[in-house]
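S.K.: Here it is: the structure, laid out below.
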Amino acid sequence: MSREPILTARGLVKRYGRVTALDHADFDLYPGEVLAVIGDNGAGKSSLIKAISGAIHPDEGEMTLEGKPMHFRSPMEARDAGIETVYQTLALSPALSIADNMFLGREIRKPGIMGTWFRMLDRKAMEKRARDKLTELGLMTIQNIGQAVETLSGGQRQGVAVARAAAFGSKVVIMDEPTAALGVKESRRVLELIQDVKKRGLPIVLISHNMPHVFEVADRIHIHRLGKRLTVIDPKEYTMSDAVAFMTGAKTPPAQSIA
Amino acid sequence: MTETKTTSEPAQEFERVLSQSATAVASFDTHERSPLEKVRHFLHSSPASVPLIVLVLSLIIFAVIVGSRFFTPFALSLILQQVAIVGIVGAAQTLVVLTAGIDLSVGAIMVLTSVIMGQFTFRYGMPVELAILCGVALGALCGFINGVLIAYLKLPPFIVTLGTWQIYLATTYIYSANETIRAQDIETNARLLQFFGEKINIGGATFTYGVFAMLVLIAILWYVLNHTAWGRHVYAIGDDPEAAKLSGVRTKKVLITVYVLAGLICALAGWASIGRNGSVSPQIGQFANIESITAVVIGGMSLFGGRGSILGMLFGALIVGVFSFGMRMYGTDVQWTYLIIGVLIILAVAIDQWIRKVAG
C-alpha cells in the first residue's frame, strides 16, 4: 500500500478506572477501502471507534485525518470534519420524526428573514432531502416521512441511521454492527449500500461480528485483541476460521503481517 | 485493492433466492382499525387534544350545574386572570419537563424576583425600569445556577431544585425582612410594577395585561419548540440524552439555556404577580411550583421528558382554573376542588401511559 492513509491513530490509550479499554492501539484507514474491525467482546473495538468518532477522548495517543492532527472534543466536531458514524444504538430520538432525526444537529433553516431572524426550520426542504436519500438507498418504503421514529420497525430505524450517515459523511463513514438487527434481505441491502458508498470513493470502517459479511465486503480486516491492534489481514489470503483463531488468541498471527 | 464482487449477485448461497423475492411495495395488512385504536392514534399524534377535550367537557359540565352565571364573558375572563400566573410559571416548567427534568424552584424564583423589583425601587430609590431589569437578571442568574448544577455537575434536577427552592426562598425572607410593600405605595410611586395588572374590557370580558403576557409567551414558546432547531433539541434531550449527544446536539448548552430561560420566565411571572396582587409580599406564590407541575401533568406532558405540547400545559392550567372557579360558584367546600384535581392528575398519567402503547 503505497498511498497515504486518510485516517491514522497511533498509541491510543483509554482507561476507565482500573480497566484499560485501549492499550496503545494503532489504526490505519486508506482512501476508498472498506476496513473491517473485528475482535472479541471487550477487546476494545467500541472504544477505538468512539475515539475516532469523537465520542470519547483518549488519554494518550495521536490521531490524524488526511495528515493533519485531530483532537475531537465531541461527535459534532468529528462530524464537521467529515466523519459520520452509525452507532450500534443508532442514536435516534424516538419521539421525533424521520426527517427531524436525519437533520438533528444540522437543521436547515428557511431562507430569508424567517430563517435568519426567526430561525424557522425549513421542514419541506429537510423532508424532501430525507425522502430522496431514503429512496436512493431503497432501504424502505415509508408512507410518511413525518412519522415518529418510534413507530418504525427495527430494520427501518437502522435504515434511517445508515441513510443519515451516508447522506452527510464526506470523508469517512463508520458503521458499528450495521446488520446486527436486520433480516436477511435488509442485511443484503446494507451490504450493497456499503459497496455503493465505497464506489463513491468514501472509505468505510465496518465493525461486525458477522464473519461472512466481513469477508464479503472488507478489503482489509483489522483484528483487535486485548485493547490493541493484533494484526491486519487480507481476507483473500486467510479463512474465516483463521480470523477467528487470531481474534480469540487460539493462533498467533505471523509476524509482520500488516497487509 | 482488487475489483469487488458486483452487488447484483449475492455472495452467500442462501441469499441466491433473494432475486426471486417479492418486489411489491410492502403493503401492510391494513386491518380495519377499531374506533378505539383510531382514537389512540389520533391522541398519540396530537398530545394536546386530551386536555382540550377535558377542558371543553368541564366547561359544559359547569355551564349545566352552575347555570348561566358561569357562562358570561366576565366570569370566563376572570378564570383567565386567575390562571395567568400559573400559566406563565407553567411555561417555564414545560421547558424543564420536556428535557426530562423538573424545577421545584420556579415559585421561589418568582417571589425572589418580585421582592427584588419592589425593594430595589423602594429601599434604594432606583428607577423602576432598572429595578425590574435587576429582577429579570436575577431570575436568569437563578436559572443559570440550576442549569450549571444539573448540566455540568450532573446532579438530578429534582435534588438541585429542591435545594435551590429553599435557598432562593430563604434569601427572599432574609433580604426582605419579611416586609410587604403596600399596594397604595406602588400605585403612587411605581405604577410600572403593576403594569400586568392593568385591565382592558372587551365586550364585557375583562383581561389583564398579565393574561396577554401569558398567551403571547405561550405562543412564542410554541413556535420556538416546534419550528426551531433549539426546540427540536429540547425534545431530543428529553427523549434520549445519549442519542441526542451522539447526533450532535450540544446537550449541556441546550440544558443551560433551558434553565436560564425558565428563570427569565419566572422573573416575568414575578413582575406579573405584583400586578395581580397589587402589593409585593414574600408570602405569595408558595405553591406556584406544585401548581405549575399540576398544569403540566394534567396538560398531558410526560414527566419522563420529550413528549407533550406547551398548549397542553395551557389547557391543563385552564382546567384547574375552571374547576376551582366553578366549584366556588357552585358553593361547595374548596377541598372538593383539590380532591378532583388530584383525581385528574392520576387520570392524566394513566391516559398518557395508554396512549403511549401505540408505539410499543
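S.K.: Do we have A:I38 as touching a residue at least 24 places away in the same chain (Cβ under 8 Å), farther than 30 Å from A:A148 by Cβ and of a type outside the set (G, A, S) here? Walk me through it before giving the result.
M.R.: Numbers: touching a residue at least 24 places away in the same chain (Cβ under 8 Å): yes; farther than 30 Å from A:A148 by Cβ: yes; of a type outside the set (G, A, S): yes.
Judged against the criteria, A:I38 is a match.
S.K.: Moving on to the next point. For the stretch A:23-138, which helices (runs of 4 or more DSSP H) that fit wholly inside it have 1 or more residues that are more than 30 Å from A:G155 (Cβ to Cβ) and more than 16 Å from the chain's Cα centre (by Cα)? So that I can check it myself, show each step before the final result.
M.R.: On the way: elements: A:45-53, A:75-80, A:98-102, A:113-116, A:123-137.
Fully inside the stretch A:23-138 and qualifying: A:113-116.
S.K.: Residues B:I340, B:I355, B:I310: which one is more than 30 Å from A:K50 (Cβ to Cβ), at pLDDT below 95 and touching a Leu at 6+ places or on another chain (Cβ under 6 Å)?
M.R.: Values: B:I340 fails: touching a Leu at 6+ places or on another chain (Cβ under 6 Å); B:I310 fails: at pLDDT below 95.
Step by step, each of B:I340, B:I355, B:I310 is checked, and only B:I355 is more than 30 Å from A:K50 (Cβ to Cβ), at pLDDT below 95 and touching a Leu at 6+ places or on another chain (Cβ under 6 Å).
S.K.: Can you name the condition, by its number, that B:I274 falls short on among (1) within 11 Å of another protein chain (Cβ to nearest Cβ); (2) touching a Leu at 6+ places or on another chain (Cβ under 7 Å); (3) over 19 Å from B:V97 (Cβ atoms)?
M.R.: Among (1) within 11 Å of another protein chain (Cβ to nearest Cβ); (2) touching a Leu at 6+ places or on another chain (Cβ under 7 Å); (3) over 19 Å from B:V97 (Cβ atoms), the lone unmet condition for B:I274 is (1).
S.K.: When you go through A:R79, A:R109, A:R119, A:R73 one by one, which is the residue that is facing chain B (nearest Cβ under 9 Å), of a type in the set (D, E, K, R), more than 30 Å from A:D219 (Cβ to Cβ) and out of contact with any Leu (no Cβ under 8 Å at 6 or more places or on another chain)?
M.R.: Result: A:R119 is the single residue among A:R79, A:R109, A:R119, A:R73 that is facing chain B (nearest Cβ under 9 Å), of a type in the set (D, E, K, R), more than 30 Å from A:D219 (Cβ to Cβ) and out of contact with any Leu (no Cβ under 8 Å at 6 or more places or on another chain).
S.K.: Of the residues that make up the stretch A:211-222, is at least one hydrophobic (A, V, I, L, M, F, W, C), over 13 Å from the mean Cα position of the chain (by Cα), assigned to a strand (DSSP E or B) and more than 10 Å from every other protein chain (Cβ to nearest Cβ)?
M.R.: Taking the stretch A:211-222 first, the residues hydrophobic (A, V, I, L, M, F, W, C) are A:211, A:214-215, A:217-218, A:221.
Keeping just the survivors that are over 13 Å from the mean Cα position of the chain (by Cα) gives A:211, A:214-215, A:217-218, A:221.
Filter once more, so that each one left must be assigned to a strand (DSSP E or B): A:221.
Adding the requirement that they be more than 10 Å from every other protein chain (Cβ to nearest Cβ) leaves A:221.
Checked the stretch A:211-222: at least one residue is hydrophobic (A, V, I, L, M, F, W, C), over 13 Å from the mean Cα position of the chain (by Cα), assigned to a strand (DSSP E or B) and more than 10 Å from every other protein chain (Cβ to nearest Cβ).
S.K.: Continuing with the same structure: Which residue out of B:G204, B:G163, B:G147, B:G197 is at positive phi and more than 14 Å from chain A (Cβ to nearest Cβ)?
M.R.: Values: B:G163 fails: at positive phi; B:G147 fails: at positive phi; B:G197 fails: at positive phi.
Going through B:G204, B:G163, B:G147, B:G197 in turn, the sole match is B:G204.
S.K.: Quick check: anything in the stretch B:226-239 in contact with a strand residue (DSSP E or B) (Cβ under 7 Å, 6 or more places away or on another chain), under 27 Å from B:L138 (Cβ atoms) and within 11 Å of chain A (Cβ to nearest Cβ)?
M.R.: The first filter runs over the stretch B:226-239 and keeps only residues in contact with a strand residue (DSSP E or B) (Cβ under 7 Å, 6 or more places away or on another chain), leaving B:227-229.
Pick out the ones that are also under 27 Å from B:L138 (Cβ atoms) and you get B:228.
Restricting the remaining residues to those that are within 11 Å of chain A (Cβ to nearest Cβ) gives B:228.
Yes, the conditions are met somewhere in the stretch B:226-239.
S.K.: Going by what's in this entry, would A:K198 be described as at pLDDT 85 or above, in the same structural domain as A:E216 (by TED's automatic domain parsing) and either among the charged types (D, E, K, R) or out of contact with any Ser or Thr (no Cβ under 8 Å at 6 or more places or on another chain) (or both)?
M.R.: On the way: at pLDDT 85 or above: yes; in the same structural domain as A:E216 (by TED's automatic domain parsing): yes; either among the charged types (D, E, K, R) or out of contact with any Ser or Thr (no Cβ under 8 Å at 6 or more places or on another chain) (or both): yes.
So A:K198 passes the test.
S.K.: Hey, any hits in the stretch A:236-252 for a residue that's over 26 Å from A:L65 (Cα atoms), at the interface with another protein chain (Cβ under 10 Å from one of its Cβ atoms) and surrounded by 21 or more Cβ atoms within 10 Å (Cβ to Cβ)?
M.R.: Within the stretch A:236-252, not a single residue is over 26 Å from A:L65 (Cα atoms), at the interface with another protein chain (Cβ under 10 Å from one of its Cβ atoms) and surrounded by 21 or more Cβ atoms within 10 Å (Cβ to Cβ).
Listed here are the residues, each with its yes/no results for (1) surrounded by 14 or more Cβ atoms within 10 Å (Cβ to Cβ); (2) at pLDDT 95 or above; (3) closer than 26 Å to B:G316 by Cα; (4) in contact with a strand residue (DSSP E or B) (Cβ under 7 Å, 6 or more places away or on another chain).
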residue	(1), (2), (3), (4)
B:G125	no, no, no, no
B:G139	yes, yes, yes, no
B:F144	yes, yes, no, no
B:P156	no, yes, yes, no
B:A177	no, no, no, no
B:T180	yes, no, no, yes
B:R191	no, no, no, no
B:E198	no, no, yes, yes
B:M214	yes, yes, yes, no
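S.K.: Would you say B:V254 is in contact with a His (Cβ under 7 Å, 6 or more places away or on another chain) and either of a type in the set (S, T, Y) or under 19 Å from A:S93 (Cα atoms) (or both)?
M.R.: On the way: in contact with a His (Cβ under 7 Å, 6 or more places away or on another chain): yes; either of a type in the set (S, T, Y) or under 19 Å from A:S93 (Cα atoms) (or both): yes.
Here the answer is yes, as B:V254 does meet what is asked.
The values are calculated or read from the model by the stated rules, or taken from the named source; none is laboratory data. Since the structure is predicted, the reported quantities are computational estimates derived from the model, not experimental observations. Here the Cβ is made from the backbone with ideal geometry for all residues, glycine too, and neighbour counts use every protein chain on show.
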